[in-house]
Amino acid sequence: MTIRTLRRLRAALLSLVALGALGTLTSARADDYPDKPVHFMVPYPPGGGTDVIARIVQDRFQTLLGQPIVIDNRGGAAGSLGTDVVAKSNPDGYTVLFTLSSHTINPAIYPKLPFDTKKDFVPVGMVASLPQILVANSAFPVNNVAELIAMAKAKPGAISFGSVGNGSPGHLAGELFKLRTGTNLQHVPYRGGGPAMTDVMGGQIPLLWVSIPAAAQFVKTGKVKALAVSTVKRSAAFPDVPTMQEAGVADFNVDSWYAMFVPAKTPKPVIDKLNKVLDTVLAEPAIRAKLLEQGSEAVGGTPEQLGAVVDSELARWAKLVKDANIRLE
């Protein structure tokens with residue numbers, strides 16, 4: 001055996017030892033995880049649907065994980081400000097993106113996002129799914145979708161609707177409504193569901209497309225009136241509120257969801273642990289009941305299942321944005 005061959009063998013053995021040490025180190029870190037508080041980055045203000053859902057799972061999640069869960073609200077730019085913080089954070093499992101389905105809409109709305117939705121994030125699991133709900137100020141002179149369409153056609157461009165921001169599921173629901181009914185309503189984006197609900201109750205805007213958790217208590221107390229939900233199936237929380245299709249708007253379906261993601265390169269054992277805790281929390285009857293009170297249904301499932309949803313919706317929303325000719329000022 002030549003000296004050159006011996007050197008090559010020695011180099012190969014050293015590489016194997018180094019890889020083994022790295023694997024042991026990664027495993028040790030995963031076994032120790034977490035050893036400090038975990039931050040749920042909610043890229044919307046307090047009081048909105050995403051914030052409400054995060055707080056429903058927070059207590060049980062931190063109990064099972066063994067460390068405090070700190071909810072960090074970073075609203076702005078339709079969720080992209082807080083999302084970018086997660087994209088650029090350490091991939092160690094201590095900063096988790098807790099967001100809604102605008103995560104798959106924003107790439108079609110904002111071509112120059114500071115992050116890549118596919119490359120910069122890894123799915124953890126879906127938390128819940130639910131419809132958007134169209135609510136109106138209690139004094140607004142329409143009581144159903146048919147009356148709204150008639151008024152919108154009589155006053156093109158004179159009626160506005162709010163959402164939690166450009167690229168939010170509510171924004172897309174409003175644009176789909178315009179596309180399907182041939183009406184012209186003006187979109188007013190907000191920084192989150194809390195501020196938007198305050199303005200629709202105060203009469204600053206007449207209509208709002210928003211997630212049911214952000215609107216539920218105000219619909220139940222009569223502070224706003226519900227006109228329709230965005231899915232093909234009625235909401236269990238509001239069984240008397242018709243779907244948009246039942247109200248006469250054909251081919252209408254916007255199903256929004258809440259989910260958890262971590263930065264790319266987060267170790268798989270850490271992702272698996274977060275996913276296992278999430279599924280355990282969502283299997284608890286008390287948590288499922290609290291979610292249902294907000295009009296949402298617990299989902300759970302694997303990271304791969306959430307990844308498939310992301311792939312499908314990135315294509316779906318890109319098509320809708322193109323068909324509806326959505327342009328941001």
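What the table shows:
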{"quantity": "Nonlocal amide H pairs with ASN73, under 5 Å, H built at 1.01 Å", "calculated": "VAL42"}
{"quantity": "Neighbourhood net charge (15 Å Cβ-Cβ; Lys/Arg +1, Asp/Glu -1) for VAL309", "calculated": "-3"}
{"quantity": "DSSP bridge pairs, the chain: antiparallel proportion in percent, nearest 5", "calculated": "60 percent"}
{"quantity": "Amide proton proximity set for GLN186, modelled H, under 5 Å, gap of 5+", "calculated": "ILE159, SER160, PHE161"}
{"quantity": "Label of the coordinate-derived value, Cα extents along the principal axes in Å, listed as (1) 91, 41, 29; (2) 53, 45, 39; (3) 71, 45, 38", "calculated": "(1)"}
{"quantity": "Nearest 10 degrees, 0 to 90: helix 3-32 Cα axis against the chain principal axis", "calculated": "40 degrees"}
{"quantity": "Alpha-carbon gyration tensor eigenvalues x 5, square-rooted, for the stretch 131-229, Å", "calculated": "19, 15, 12"}
{"quantity": "Fraction of antiparallel bridges per DSSP, the stretch 110-242 only, in percent to nearest 5", "calculated": "60 percent"}
{"quantity": "Cα-based helix-to-principal-axis angle, 49-65 vs the chain, degrees rounded to 10", "calculated": "30 degrees"}
{"quantity": "Per-residue Cβ neighbour rank within 10 angstrom, fewest leading, TYR190, TYR33", "calculated": "TYR33, TYR190"}
{"quantity": "Over the stretch 88-172: Rg over Rh, Cα atoms, Kirkwood Rh", "calculated": "1.11"}
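Computed from the coordinates by the stated procedures, all read-outs in this text should not be read as laboratory data. Since the structure is predicted, the reported quantities are computational estimates derived from the model, not experimental observations. Note that each Cβ is placed from the backbone with ideal geometry, even for glycine, and that neighbours are counted across all protein chains shown.
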